[in-house]
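Read the structure below first, then the notes.
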Amino acid sequence: MKKLTILLVILLLAFTVVGCTSENTVSDKVLRVGMELKYPPFETIDTDGNPEGVSVLMAISLADYLDMEVEIIDTAYASLIPALESGNIDIIISSMTINEKRMEVVDFSDPYTTSQLMMLVHKDSKVKSYRDLDDSEVIIASKTGTIGALWAAANAPNAVIKNIDEEASAVLEVAQGNADVFIYDPLSIVNHQKNFPDTTIALLEALPNTQGWGIAMRKGDDDLRKDINEWLKKAKTDGTFDEIRERYLKEKVKEFEESGLDFFF
Amino acid sequence: MKKIFSFTLALSFFVLLFAFVMTKSIKRDLLFEDYILFRNVILSGWLRTILISLVSILLSLVIGLILYLMQESNSQILYYIAEIHKTLIFSTPLLVIAIVAYYYIGNSFGLKSKFLIGALTLGLYISAYVSDIYKGAIESIHINQWQAAKMFGFNKYQTYRYIIFPQVFKSILPPLAGQFALTVKGSSLLAYLGTTELLNSVNTVMASTLKYPEGFMVVSVGYWIITIPLIIVVRKLEVKVNYKV
């Protein structure tokens, strides 16, 4: 009994000591990049399961610029910021929109896109424009933790907001008439509308008050932010971004042109 | 013969229901080409699910036994450690435990492997239930047997080794096999950590191909291949054990 008590006390002390000494810093050699591999063509996998897409190429090019190895860590979107805070990853490149709420807990690089948010609307809904959203009878579906959810909370406080973990479920809510609108990026909205042509309409009108996508890092990683911003400037002019656009976004650029939208990357 | 007929009839009821839902909710042909294209991803996710489940069930057998012994020991501290562990597990959703375990607990111990933390979390989670299975089985042995063993001069170890465990072993098999089926399904929650098990692999393919209904079918069949045989085994074992008692 006594021995056991002593053992427990020692264990408790050990936890405390370890707790005081551990620290989260960007390790010297490996840049761990968190992204959710469920958003083609930005973050996805090839048929063998290797990470692929715009953000992956960006991560590789950035790591190259920083003279580091790169490791892509597949992380659920809602867990990206917790993972960054706890040090499981060093930066987030996951089509993440710069937003004030997020900036309370992470720092962002300069934006690398001009972002847009649009709406997938059920055909019988009375919502015809974003101006109709702030209404207690309107049900907005959004994917948990995404900018659509944050936008709805900030800009349509009177509406009923359903936060759903899976994108597919959120789309079904709208397609089956359980929600009026799903707020997401235009790329996905156009694709989802094609899946439910009879029951949904894509409202291709950009929602106001949104910023572009940025690379997120832990608060206070100012050196890293400076490096990343310099790399962004370089990548936009030295052909890196052109190459990425050519490789992954050709079709999308065309789709956008057909829908009369400006491309954002 | 009658049995087969009844089974076919019952099954066709479900097939009809499925067909009804399909025609009502999905107004296009099913396209599985993308899933054939991504077969390696899905297969490795499926194998990963089996591996995680196996490792965690084995862990839970050991930890469950330790928990049981802690609760039977003379030390109150050990008793309460086991008791608090079990209460925490019975009262918290597995999803919450898994996310906290990975992003906070695992992180503070310097553990980064999703596989390791996933298996460990599931193992610890199931162990609380397994320890109760042990407890129920051991307590179901009549007190006369304990007294008889004592009369013959068996010590505690000998009583467990020669009298209790051989009987307990048979009666815990069905609930353990059932628990294993639960573990397989529970492992799907590790998808939320981005573990590349079956659900997450299929989710990723769904996101990249937008063939959602097909994906849900693929993932269900993937789990059925593992869990349905287990459920059948449980039924068989239950019948067998009941005859013996």
- Query: What residues qualify as long-range amide H neighbours of A:ILE164, i.e. H under 5 Å apart, gap of 5 or more or another chain, H built at 1.01 Å from N?
  - Reply: A:SER142, A:LYS143, A:THR144
- Query: Counting Lys +1, Arg +1, Asp -1, Glu -1, what net charge surrounds A:GLU258 among other residues with beta carbon under 12 Å of its beta carbon?
  - Reply: -1
- Task: Per DSSP H run of at least 4 residues, take -39500 (n - 2.57); add these up for chain B, divide by its residues and hand me the 222 nm value, nearest 500 deg cm²/dmol.
- Result: -26000 deg cm²/dmol
- Item | Cα centroid of segment A:85-125 to Cα centroid of segment B:83-135, whole Å | 31
- In Hz, Karplus ³J(HN,Hα) per residue of segment A:40-45 (6.51, -1.76, 1.60; θ = phi - 60°; x = Gly, Pro): x, x, 7, 9, 7, 10
- Task: Using only alpha carbon positions, build the gyration tensor of chain A, then give the equivalent ellipsoid semi-axes as the square roots of 5 times its eigenvalues, largest first, whole angstrom.
- Result: 36, 26, 16
- Note on the structure: In terms of the charge dipole of the protein assembly as shown, which places +1 on Lys and Arg and -1 on Asp and Glu at the beta carbon, the residue among A:PHE256, B:LEU67, A:LEU232 farthest towards the positive end is B:LEU67
- Note on the structure: The residues B:VAL219, A:VAL30, B:VAL205, sorted from fewest to most surrounding Cβ atoms within 10 Å, come out as A:VAL30, B:VAL219, B:VAL205
- Note on the structure: Connecting every pair of Cα atoms under 10 Å apart in chain A and solving the GNM, the largest mean-square fluctuation among A:PHE182, A:PHE42, A:PHE196 falls on A:PHE196
- Note on the structure: Computed about the Cα centre, the charge dipole of the protein assembly as shown from +1 Lys/Arg and -1 Asp/Glu charges at the Cβ has a magnitude in debye, to the nearest 20, of 3200
- Task: Compute the FRET efficiency between A:GLU243 and A:LYS219 as 1/(1 + (r/R0)^6), taking r as their Cβ-Cβ distance and R0 = 30 Å, and round to the nearest 0.05.
- Result: 0.40
- What size of dipole, in debye to the nearest 20, comes out for segment B:37-244 about its Cα centre when the only charges are +1 on Lys and Arg C-beta atoms and -1 on Asp and Glu C-beta atoms? 420
- Can you work out the PRE-style zone for B:VAL21? Point 7 Å along Cα to Cβ, and I want the residues of segment B:183-225 with backbone N under 15 Å. B:212-224
- Taking chain A as a Gaussian network, where each spring joins two C-alpha atoms under 10 Å apart, which residue of A:ALA168, A:ALA149, A:ALA179 fluctuates the most? A:ALA168
- Query: Once phi is turned into ³J(HN,Hα) by the Karplus curve 6.51 cos²θ - 1.76 cosθ + 1.60 with θ = phi - 60°, what whole-Hz value does each residue of segment A:58-67 show in order, with x for glycine and proline?
  - Reply: 4, 4, 5, 5, 5, 4, 4, 4, 7, 6
- Message: Filter A:LYS123/A:LYS233; B:LYS3/B:LYS27; A:LYS226/A:LYS250 down to the pairs with a C-alpha to C-alpha distance above 32 Å, please.
- Response: A:LYS123/A:LYS233; B:LYS3/B:LYS27
- Query: With chain B treated as a Gaussian network of Cα nodes joined by springs under 10 Å, which of B:ILE143, B:ILE42, B:ILE97 yields the largest mean-square fluctuation?
  - Reply: B:ILE143
- Note on the structure: Taking chain A and counting helices only, DSSP H stretches of n ≥ 4 at -39,500 (n - 2.57) each over all residues, the nearest-500 ellipticity at 222 nm comes to -12000 deg cm²/dmol
- Rg over Rh, two decimals, the protein assembly as shown (C-alpha only, Kirkwood Rh): 1.04
- Principal axes of segment A:118-203: Cα extent on each, largest first, Å: 29, 26, 19
- Using DSSP, restrict attention to beta bridges with both residues in the protein assembly as shown and report what percent are antiparallel, rounded to the nearest 5. 55
- Note down the net charge around B:VAL55, summing +1 for each Lys or Arg and -1 for each Asp or Glu among other residues with Cβ under 15 Å from its Cβ. +1
- Item | Lys/Arg +1, Asp/Glu -1 at C-beta; the protein assembly as shown dipole; positive extreme among B:VAL234, A:VAL190, B:LEU17 | B:VAL234
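Any read-out appearing in this document is the output of simple, stated calculations on the displayed coordinates, not a laboratory observation. For clarity, every value in this text was computed on a predicted model and none was experimentally measured. Virtual Cβ from ideal backbone geometry, glycine too; neighbours counted across all protein chains shown.
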